[in-house]
Amino acid sequence: MNLGFVIGVIGVLILSHAGYSTIQYRGLLKITEEEFTGPPLNVVLELIVGLALSMWAALTFPGKFLSIHPDSDENRAVSLPDNSDFMIFNHRGRLFPPEITMKF
Amino acid sequence: MVTKAEETELNQLENQVENGGGGVWEYLCLVRKLKVRRSELVLKHGLSILNDPGKRSSLGPDEWTLYEQVAIAAMDCQSLGAAQNCIKVLQKKFPESKRVGKLEALLLEAKGMWEEAEKAYSILLEDNPLDQVIHKRKVAMAKAQGKPSSAIEHLNKYLEVFMADHDAWRELAEIYVSLQMYKQAAFCYEELILSQPTLPLYHLAYAEVLYTIGGQENLIAARKYYASTIDLTGGKSTRALFGICLCGSAIAQLSKGRNKEDKDMAAPELQSLAATALEKEYKQKAPAKLNLLSSALRSLKL
């Protein structure tokens, strides 16, 4: 398991822990009958840390990104497919059949 | 459309296969996917797999696709015996199959027996009158017999029904160009550009046809399409750069002695930019020919 995967797992765990803390906090507020204005500060910090770790893991774990430019060196159209639906066998190559062996 | 990455992969596999390394099955699959025409190699290496019963059975159900691919490659190389054997094997396995029927008719075509092939295709068309492949084979037969006008007629009728078939439009454009009917070829290329506007090869072909027809508006339109090709290829199409320079000089020649508006169409900045880009590319790729290029460009500017 490489580093990116481990960091990704840790990031997801931190995020889920932050979510669980927020749910507990809301439960506490229901008991004391106050309004929910926002999660407490430590939960916000946890969220930011979890976000940073997950984003870093998501960008490094999948490996090399493919290019999306149509004119980049891998994606550019070099040639169109030879129209094999209209292929004719009447060309000059028919005078030079290759030597082949067939066993079926 | 074959991309550069796919082409390098194909060449690499081809070298590997030719020099005795493995990877024959991947090569054959790639050739089938990219629809390139490498009949001799496909025949040679396909037969090497099919001759060996161990390798043949390890392919599983793909064996029959390989028989079909090798049969067509054999017909292209005029090894009709090999093609006949492959088709016999396929017939034994799939007795009443239309796909095998098409292959048999294709074999009749390869042997040059046009009337029998025509009859076979008509019989196949009775069962399925909307079969695209058979209609296209009729066009190919007309082309092979040297009757381009009949091929054009068939192809036009086909395109009235199946308007979205790019290959057919391309084929029609090429037949028109071979008969020097450039206006109709330009129409076909327009249809292709409408259906696939991001493919620079169509823009380039259209610009070349317009340049060939000539005349003031056509040259201006040709220059626009050369420019769009350069846009789509990120400036890497040498042919389009040359096209712009030539269009510019042709327009300048035509508008000699005309009034001011036509002279404005000369767009000298575009021409000088294209010339600079060309010189930069030549300096990078073929520095020995740079002097030749510079003198040619200078003579164009007159």
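One table, with the values for the structure above:
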{"item": "Among the candidates B:Leu28, B:Leu34, B:Leu41, B:Leu59, residue that is surrounded by fewer than 22 Cβ atoms within 10 Å (Cβ to Cβ), more than 9 Å from chain A (Cβ to nearest Cβ), aliphatic (A, V, I, L, M) and closer than 21 Å to A:Ser84 by Cβ", "result": "B:Leu41"}
{"item": "Filter result for the condition that a residue is of a type in the set (Gly, Ala, Ser) and within 21 Å of the chain's Cα centre (by Cα), over B:Ser195, B:Ser272", "result": "B:Ser195"}
{"item": "Helices (runs of 4 or more DSSP H) within segment B:88-144 that include 2 or more residues hydroxyl-bearing (Ser, Thr, Tyr)", "result": "B:114-127"}
{"item": "Selection count where residues are part of a helix (DSSP H, G or I) and open to solvent by less than 50 Å² (accessible area, probe 1.4 Å), scope segment B:11-25", "result": "4"}
{"item": "Residues within segment B:71-91 that are within 12 Å of chain A (Cβ to nearest Cβ) and farther than 21 Å from B:Gly112 by Cβ, tallied", "result": "2"}
{"item": "Count - residues of segment B:44-54 that are within 12 Å of chain A (Cβ to nearest Cβ), free of Cβ contacts under 8 Å to residues at least 12 places away in the same chain and open to solvent by 30 Å² or more (accessible area, probe 1.4 Å)", "result": "3"}
{"item": "Residue match in segment B:201-224 (condition: basic (Lys, Arg), buried (at least 24 other Cβ atoms within 10 Å of the Cβ) and in a helix (DSSP H, G or I))", "result": "yes"}
{"item": "Residue list for segment B:129-140, restricted to those being open to solvent by 50 Å² or more (accessible area, probe 1.4 Å) and either of a type in the set (A, V, I, L, M) or within 14 Å of chain A (Cβ to nearest Cβ) (or both)", "result": "B:Leu130, B:Gln132, B:Val133, B:His135"}
{"item": "Lone unmet requirement of (1) modelled with pLDDT of 85 or more; (2) open to solvent by less than 100 Å² (accessible area, probe 1.4 Å) for A:Ser72", "result": "(1)"}
{"item": "Residue within segment B:3-10 that is surrounded by 17 or more Cβ atoms within 10 Å (Cβ to Cβ) and in contact with a Lys or Arg (Cβ under 6 Å, 6 or more places away or on another chain) present", "result": "no"}
{"item": "Residues of segment B:185-200 that turn out to be in contact (Cβ under 8 Å) with a residue 12 or more places away in the chain and either among the hydrophobic types (A, V, I, L, M, F, W, C) or open to solvent by 30 Å² or more (accessible area, probe 1.4 Å) (or both), as a count", "result": "11"}
{"item": "Residues being closer than 27 Å to B:Thr198 by Cα and in a helix (DSSP H, G or I) - total across segment B:153-168", "result": "9"}
{"item": "Subset of segment A:56-77 (residues that are more than 7 Å from chain B (Cβ to nearest Cβ) and outside any loop (DSSP other than H, G, I, E, B))", "result": "A:Trp56, A:Ala57, A:Ala58, A:Leu59, A:Thr60"}
{"item": "Selected residue (only one of A:Leu53, A:Leu80 is surrounded by 15 or more Cβ atoms within 10 Å (Cβ to Cβ) and within 14 Å of chain B (Cβ to nearest Cβ))", "result": "A:Leu80"}
{"item": "Per-region count, segment B:99-123, residues open to solvent by 40 Å² or more (accessible area, probe 1.4 Å) and either away from chain A (no Cβ under 14 Å) or of a type outside the set (A, V, I, L, M) (or both)", "result": "11"}
{"item": "Filter pass, B:Gly234 being surrounded by fewer than 16 Cβ atoms within 10 Å (Cβ to Cβ), out of contact with any Cys (no Cβ under 8 Å at 6 or more places or on another chain) and more than 26 Å from B:Lys4 (Cα to Cα)", "result": "no"}
{"item": "Which numbered condition B:Glu126 fails, given (1) under 27 Å from the mean Cα position of the chain (by Cα); (2) loosely packed, with under 15 Cβ neighbours inside 10 Å; (3) more than 13 Å from every other protein chain (Cβ to nearest Cβ); (4) not small (Gly, Ala, Ser)", "result": "(1)"}
{"item": "Criterion violated by A:Phe96 - all others in (1) within 14 Å of chain B (Cβ to nearest Cβ); (2) touching a helix residue (DSSP H, G or I) at 6+ places or on another chain (Cβ under 7 Å); (3) open to solvent by 40 Å² or more (accessible area, probe 1.4 Å); (4) modelled with pLDDT of 85 or more satisfied", "result": "(2)"}
{"item": "Verdict on B:Ile72 being of a type in the set (Val, Ile, Thr), open to solvent by 40 Å² or more (accessible area, probe 1.4 Å) and part of a helix (DSSP H, G or I)", "result": "yes"}
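The values are calculated or read from the model by the stated rules, or taken from the named source; none is laboratory data. Since the structure is predicted, the reported quantities are computational estimates derived from the model, not experimental observations. Cβ atoms come from the backbone with ideal geometry, glycine included; neighbour counts cover every protein chain shown. Note: areas computed on protein heavy atoms with side chains; ligands, DNA, RNA excluded. Shrake-Rupley method; radii C 1.70, N 1.55, O 1.52, S 1.80 Å.
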